[in-house]
Amino acid sequence: QVQLVESGGGLGQAGGSLRLSCAASGRTFSTYAMGWFRQAPGKEREFVSGISWNGGSTNDVDSVKGRFTISRDNAKNTVYLQMNSLKPEDTAVYYCATSYRPYGGRAVREYQYWGQGTQVTVSS
């Protein structure tokens, strides 16, 4: 069984920053790609950022490019999402997830285990 626990969400201001963390346990963390997704009220869960098993490859949805940075520390079994230049439209519940494979994609179905989510609210 894999457990993923997100932290770092909360209330941010437009133009400000927040850093999310996701701590993993119960699996060989360093073997698999990780991803961050978000879900706003009334909307489907969407891919935000992904990172390969060793951190050598990342990909971001266009709406966060240049503002969000995903990273991982395999020694700490933790993946991070640094969110800068926040916008009100970034408001959502953010989830981390672990892929089935070393290199992940953008589809929800490509991810096996999910955290419980952390709320991010950005005020204008």
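Within region 45-52, can one find any residue that is touching a residue at least 60 places away in the same chain (Cβ under 8 Å) and in contact with a Gly (Cβ under 9 Å, 6 or more places away or on another chain)?
yes
Would you mind listing the strands (runs of 3 or more DSSP E) fully within region 15-115 where at least 2 residues are open to solvent by less than 50 Å² (accessible area, probe 1.4 Å)?
In region 15-115, 18-25, 34-39, 46-51, 58-60, 68-73, 78-83, 92-99 are the strands (runs of 3 or more DSSP E) which contain 2 or more residues that are open to solvent by less than 50 Å² (accessible area, probe 1.4 Å).
Quick one: how many residues across region 1-14 are of a type in the set (Gly, Ala, Ser) and part of a strand (DSSP E or B)?
The qualifying residues number 3.
The values are calculated or read from the model by the stated rules, or taken from the named source; none is laboratory data. Predicted model, so just to flag it, every value in this text is computed and none were measured. Cβ atoms come from the backbone with ideal geometry, glycine included; neighbour counts cover every protein chain shown. What goes into the accessible areas is simple: the full protein's heavy atoms, side chains included, and nothing from ligands, DNA or RNA. Shrake-Rupley method; radii C 1.70, N 1.55, O 1.52, S 1.80 Å.
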